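Taking it in order: structure first as C-alpha cells, then the write-up.
The values are calculated or read from the model by the stated rules, or taken from the named source; none is laboratory data. All values reported here derive from a predicted model rather than from experimental measurement. Here the Cβ positions follow ideal geometry from the backbone for every residue, glycine too, while neighbour counts run over all protein chains shown.
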C-alpha cells in the first residue's frame, strides 16, 4: 500500500497529463455551463484541465516541478500583451460597441491561457526518456481509439445494410458531436450520412 501511495504521489501530475491526452480527444463535446451571448460552453474537459493545472501550481509552489527554462518568458510576454489588449478593450473600446460583452472577452482570454499552459504542465513531467515513451504509447492508444471510431462513423450504414434485423432492434450509429453552430454546440449527437464529413474524435479533429 505504501509503494502504491508513493507511486501515486510521485506521478500524480504525469497521471493527470496522461488522462487529459485521452479524455480531451475521446470525451464528447457535451455542454456543462452556458456562456450568455455566445454558443460556446464550458465543458467537463475545462474542469479537468483546471484540476490538473491546480495540481501543477501546488507542485510548483512546493518546488517539486520547474518551469521550462527561458521558454516561459516568451509565453508570459504573449499573455501580458493579451492582458493589456483585454484591459484596453474593456475600458476604451468595449463601451462604444453595441454587441461587446465583457464577460465573453475575459473568458476568451482565459481560454487562450488554458490552451497554452498545458505545455508547461506536460513539460515539467518529462524527466527521462521513459516519460517520453510513456506519452508516445498513450498518444498511440488515443489516436488508435478515435481512428477506429472514425471507421465506425464511415461504415456503420454498411453494417446496417448487412444486418438489418439486428439493427432494427438495436439501432445504433457512431455519433458525432460538433460545435460548428449554435444548435450543434448544445451537444446534439449526429448520425453522419455516408458522404458526411468524418469527425472521428470528439475534440473535433477530422481524419
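Checking each residue in the stretch 43-58 for being without any contact (Cβ under 8 Å) to a residue 60 or more places away in the chain and either in contact with a helix residue (DSSP H, G or I) (Cβ under 7 Å, 6 or more places away or on another chain) or more than 13 Å from residue 17 (Cα to Cα) (or both) picks out 43, 44, 45, 47, 48, 55, 57, 58.
In this structure, does residue 145 turn out to be more than 21 Å from the chain's Cα centre (by Cα) and under 28 Å from residue 40 (Cα atoms)?
For residue 145, the condition - more than 21 Å from the chain's Cα centre (by Cα) and under 28 Å from residue 40 (Cα atoms) - is not met.
Inside the stretch 143-185, residues that are closer than 19 Å to residue 23 by Cα, in a helix (DSSP H, G or I) and in contact with a strand residue (DSSP E or B) (Cβ under 7 Å, 6 or more places away or on another chain) make up a count of 1. Looking across 68, 98, 76, one residue alone is outside any helix (DSSP H, G or I), within 30 Å of residue 128 (Cα to Cα) and modelled with pLDDT under 95. It is 68.
Only a single criterion out of (1) loosely packed, with under 13 Cβ neighbours inside 10 Å; (2) touching a helix residue (DSSP H, G or I) at 6+ places or on another chain (Cβ under 9 Å) is not satisfied by residue 91, namely (2).
If you go through the stretch 1-14 and keep only what is surrounded by 14 or more Cβ atoms within 10 Å (Cβ to Cβ) and more than 14 Å from residue 118 (Cβ to Cβ), you end up with 11, 12.
Going residue by residue through the stretch 144-159, is there one that turns out to be in contact (Cβ under 8 Å) with a residue 12 or more places away in the chain, in contact with a helix residue (DSSP H, G or I) (Cβ under 8 Å, 6 or more places away or on another chain) and on the phi < 0 side of the Ramachandran plot? Looking for residues that are in contact (Cβ under 8 Å) with a residue 12 or more places away in the chain, in contact with a helix residue (DSSP H, G or I) (Cβ under 8 Å, 6 or more places away or on another chain) and on the phi < 0 side of the Ramachandran plot, one finds at least one in the stretch 144-159, hence yes.
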